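Peer 1: Take a look at the following structure, please.
The values are calculated or read from the model by the stated rules, or taken from the named source; none is laboratory data. The structure presented is a predicted model; accordingly, all values stated were derived computationally and were not measured. Note: ideal-geometry Cβ built from the backbone for every residue, glycine included; neighbour counts use all protein chains shown. Keep in mind that these areas ignore ligands, DNA and RNA; they rest on the heavy atoms of the full protein, side chains included. Shrake-Rupley method; radii C 1.70, N 1.55, O 1.52, S 1.80 Å.
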Amino acid sequence: MLVHGGVLEDTAWRLSEFRSMNDGVGSLRPDTPVSVQIRFGADGTATMQLDCNRGSAQWRLKPSADPSNGQIELSQVAATLAACGGHNLGGKFAKDAPMVRGYMIQDGRLSLSLLADAGIYIFDPIPPTASVEDGGPRVWEVAGASSGLKLRKAASASADVIGRFADGDRLDNLGCEAVGEQLWCYVQRFGGGPVGYVAAGYLTPAIAPDGTMPAGLDDSALRAGRGDFDATGKIPCGDHWCDFGVARAGGGFATVVITRANGYPRALFFRMGIATGADTAEAEGYREFTVTREDDNHLISVGPERYRIPDAVIYGG
């Protein structure tokens, strides 16, 4: 029996892309990250932003044994009829909504699949107030800020501007908060820099190279420190091979611990599939950390040490 409620109740999403099973169509993306949105109300009504139009429909679902996926139905969409420019994926979604039959929430994203394998609509969560500690996205991506996104000293449009980000920039999620009707997120540029607040409406969860949305705490270093590895094996290190163990936290977040020829460990840290550093000790003196790419491998130097880390070590598979 299909009912409204469950895992989708009182959640809101915005369309990332439509993936057609027809190779001639391929993937379609909305003009901006906020062009097409859907909110599942507790009363069984789904309200929608459809490019320049607004719409609503009735929704109900039947979860499987795993509530993150199951059956879902949307009624015909009642929508305003303004002529929207651009791709107008909102109009397409409104037309396709009655054909939606399945849902899945995986890696923080919502997929709505159509009858007869006609395609899949993939949605990202609208920026939540959740911090990383409470399961929020680890990394944001700036989107829809054509003139730049201002980094402010406080969560206020009148606060001092201390930086600016461009579309596509990635930011570490340090937590979000509602101030009146405005949602602000406390952020830092991915890789380091000043911290401050940005308007959440210009943020979308960053997607890792493996297609997942990293969310929640990165526990890879903690697990690696106690030897709780997802995989072990050998990798090239200089002119010989070294044993390694890797603890993964999803989305390209991983800690690789290598047993060097002298028997001492060396930890290498990865975020979003990018090698970001090593655990050098003060007693070792300064050791330059450099990374280059060769095919699907990270070529990493830590002073005189040389390591070749395949992507498969970081992502699995």
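Peer 1: Ignoring ligands, DNA and RNA, how do His298, His87, His240 rank by accessible area with a 1.4 Å probe, largest first? Walk me through the intermediate numbers first.
Peer 2: Numbers: His298 5, His87 125, His240 75 Å².
Solvent-accessible surface, decreasing: His87, His240, His298.
Peer 1: If you build a Gaussian network model of the chain, linking Cα atoms that sit under 10 Å apart, which residue out of Leu61, Leu115, Leu174 swings the most?
Peer 2: In this elastic network of the chain, the residue with the biggest mean-square fluctuation among Leu61, Leu115, Leu174 is Leu115.
Peer 1: At a threshold of 8 angstrom on Cα-Cα distance, excluding pairs fewer than six apart, so keeping six or more, what relative contact order does the chain reach in percent?
Peer 2: Details: 755 pairs, mean separation 32.9, N = 317.
For the chain, the relative contact order is 10 percent.
Peer 1: Each residue of the range 106-114 in turn: what ³J(HN,Hα) in whole Hz from Karplus with 6.51, -1.76, 1.60 and θ = phi - 60°, glycine and Pro shown as x?
Peer 2: 9, 6, x, 10, 9, 10, 10, 9, 9
Peer 1: Another question, if that's okay. Among Thr232, Thr45, Thr292, which one moves the most in a GNM of the chain with springs linking Cα atoms closer than 10 Å?
Peer 2: Most flexible of the set in this elastic network: Thr292.
Peer 1: Moving to a separate point now. Ranked by accessible surface with a 1.4 Å probe, highest first, in what order do Cys237, Cys52 come? Intermediate values should be presented prior to the final figure.
Peer 2: Details: Cys237 5, Cys52 70 Å².
If we order Cys237, Cys52 from most to least accessible, we get Cys52, Cys237.
Peer 1: For Ser75, what accessible surface area do you get with a 1.4 Å probe? Give it in Å², rounded to 10.
Peer 2: It works out to around 40 Å².
Peer 1: What's the ranking of 19-26, 166-173 by average number of surrounding C-beta atoms within 10 Å, highest first?
Peer 2: On the way: 19-26: 10.8, 166-173: 17.6.
Taking the mean over residues of other Cβ atoms within 10 Å, the ranking is 166-173, 19-26.
Peer 1: Only helical DSSP H runs with n ≥ 4 go in: add -39500 (n - 2.57) per run for the chain, normalise by residue count and round the 222 nm mean residue ellipticity to 500 deg cm²/dmol. Walk me through the numbers before you get to the answer.
Peer 2: Values: 3 runs with 19 residues, N = 317.
About -1500 deg cm²/dmol.
Peer 1: Rounded, prolate or oblate: which fits the range 1-90 when a ≥ b ≥ c are the square roots of the eigenvalues of the alpha-carbon gyration tensor, with rounded for a/c under 1.5 and prolate only if a/b beats b/c? Walk me through the intermediate numbers first.
Peer 2: Working: a/c = 2.21, a/b = 1.41, b/c = 1.57.
It is oblate, given that a/c is not under 1.5 and a/b is not larger than b/c.
Peer 1: ³J(HN,Hα) across the range 232-239 via Karplus (A = 6.51, B = -1.76, C = 1.60, θ = phi - 60°), whole Hz, x for Gly/Pro?
Peer 2: 9, x, 10, 9, x, 9, x, 9
Peer 1: Additional query: Kindly identify the range 75-159 as rounded, prolate or oblate by the Cα gyration tensor criterion: order the square roots of the eigenvalues as a ≥ b ≥ c, call it rounded if a/c is under 1.5, otherwise compare a/b with b/c, prolate if a/b is larger, else oblate. Don't skip to the end; give the middle numbers.
Peer 2: Numbers: a/c = 2.83, a/b = 1.52, b/c = 1.86.
Taking the square roots of the gyration eigenvalues as a ≥ b ≥ c, the range 75-159 is oblate.
Peer 1: Express the Stokes-Einstein translational diffusion coefficient of the range 162-208 in µm² s⁻¹, to the nearest whole number, given a Kirkwood radius over alpha-carbon pairs, 4 °C and a viscosity of 1.567 mPa s. Display every interim value, and only then the final one.
Peer 2: Values: Rh = 11.1 Å.
This corresponds to a translational diffusion coefficient of 116 µm²/s.
Peer 1: What FRET efficiency, computed as 1/(1 + (r/R0)^6) with R0 = 25 Å and r the Cβ-Cβ distance, is obtained for Ala118 and Asp31, rounded to the nearest 0.05?
Peer 2: Details: r = 22 Å, r/R0 = 0.89.
Given R0 = 25 Å and the Cβ-Cβ separation, E is 0.65.
Peer 1: Quick check: residue separation of Ala283 and Ala261 times 0.36 nm, minus the Cα distance between them. What number comes out in nm?
Peer 2: Values: separation 22, 0.36 × 22 = 7.92 nm, distance 1.82 nm.
Taking 0.36 nm per residue and subtracting the Cα distance, the gain is 6.1 nm.
Peer 1: Another one. Decide, for the range 214-317, between rounded, prolate and oblate: order the square roots of the alpha carbon gyration tensor eigenvalues as a ≥ b ≥ c, take rounded if a/c falls under 1.5, and otherwise choose prolate if a/b is larger than b/c, else oblate.
Peer 2: Since a/c stays below 1.5, the shape of the range 214-317 is classed as rounded.
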